[in-house]
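Notes to accompany the following structure.
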Amino acid sequence: MRKLIDLTKGHERVFIVLNSSRAKAVFLKRATEEGFMIGSRLPSACECERVMIIHPDYTISYCYGMATNYLYHHSQSCRIDYEKYINGELDYLYKLDTDKH
């Protein structure tokens, strides 16, 4: 099984794109199993947004605020299509319409 923490190797933050209720449920379950925290709470006790951010120190944050949204949309940040990742697809990077192909 692919782990969330593996996605953070070499990255300060990784944007996890959750486009379905299934992806959100699996994300919260696996994040809890791996020991991630959202503030002082277990992920399984929290709600998900469409985009969540994981960090190598086992913390999760929401994609709120101008600076964070700017990083998501305009930097070379790592963005993961979590549905593809949990389905075992090799190309699981999430591409924005503005990304160069």
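Assorted remarks:
- Packing order of peptides 82-92, 10-20, highest average first: 10-20, 82-92 (average count of other Cβ atoms within 10 Å over each peptide's residues).
- Taking amide H as placed 1.01 Å from N in the peptide plane, the amide H of residue 94 sits under 5 Å from that of 79, 80, 81, each at least 5 places away or on another chain.
- Where a label projected 7 Å from the Cα of residue 57 along Cα→Cβ would reach, residues of segment 1-36 with amide N under 13 Å: 12-13
- Normalised per residue, the accessible area of the chain is 61 Å², obtained with a 1.4 Å probe and no contribution from ligands, DNA or RNA.
- Placing a label point 7 Å from the Cα of residue 73 along the Cα-to-Cβ line, the residues of segment 48-65 whose backbone N sits under 13 Å from it are 64-65.
- Reciprocal of mean inverse Cα separation for segment 18-88 (Kirkwood radius, Å): 12.7 Å
The values are calculated or read from the model by the stated rules, or taken from the named source; none is laboratory data. What you see is a predicted model; the values in this text were computed from it and never measured. A quick note on method: Cβ atoms are made from the backbone with ideal geometry, for glycine too, and the neighbour counts reach across all protein chains shown. In case anyone asks, the SASA skips ligands and DNA or RNA and just uses the protein heavy atoms, side chains included. Shrake-Rupley method; radii C 1.70, N 1.55, O 1.52, S 1.80 Å.
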